[in-house]
Ligand code: SF4
């Protein structure tokens with residue numbers, strides 16, 4: 001993937017709170033921003049926190065307005081599931097090549113209704129919440145995620161593994 005304009009645009013790597021604020025500040029200066037994150041959604045580590053030190057502020061209350069502003073800004077293009085593969089050029093004129101993983105969900109067609117997540121039979125420990133709850137093989141990173149679209153974990157999806165989403169093992173029935 002190589003779609004960053006050479007002049008008049010910037011690349012912000014990492015969509016955590018710092019990356020989001022940098023993207024908003026740059027976009028407010030009239031500069032086109034490509035905000036790249038390797039996760040299916042921006043938000044970074046702060047999205048996983050409840051409170052922040054030392055003020056004990058609610059992390060999501062600090063983040064949510066920025067998430068919304070970044071998601072809606074016409075001059076910020078969010079590129080998820082992507083990593084830098086090659087960086088060439090000189091300050092002021094870089095050429096960046098990204099490698100992007102598939103989401104396996106068409107972001108343009110998906111409305112984020114969540115029906116696919118409800119139907120998915122494959123439950124897994126959720127690393128986003130340190131394994132304290134479960135997620136499905138198709139999931140949205142967290143409820144307020146931007147973009148609020150699911151992605152499929154190809155390594156855990158039963159359809160990808162066996163060609164059949166009903167091949168999940170059901171618990172044996174107890175005889176009365
Ligand atoms: S959330 Fe799932 S079911 Fe709903 S539109 Fe998106 S892909 Fe389809």
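The figures follow:
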item	result
Residue 21 surrounded by fewer than 18 Cβ atoms within 10 Å (Cβ to Cβ), in contact (Cβ under 8 Å) with a residue 12 or more places away in the chain and under 24 Å from residue 153 (Cβ atoms)	no
Enumeration of residues in the range 134-158 that are touching a residue at least 24 places away in the same chain (Cβ under 8 Å) and within 11 Å of the ligand (Cβ to nearest atom)	138, 140, 147, 148, 149, 150, 151, 152
Some residue of the range 98-113 being surrounded by 14 or more Cβ atoms within 10 Å (Cβ to Cβ), within 16 Å of the chain's Cα centre (by Cα) and more than 15 Å from the ligand (Cβ to nearest atom)	yes
Selection count, the range 53-76, where residues are surrounded by fewer than 16 Cβ atoms within 10 Å (Cβ to Cβ) and part of a strand (DSSP E or B)	2
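Laboratory data are not the source of any read-out in this text; all were calculated from the coordinates shown. Keep in mind that this is a model prediction, so the values were computed, not measured. Glycine gets a Cβ as well: all are built from the backbone with ideal geometry, and neighbour counts include every protein chain shown.
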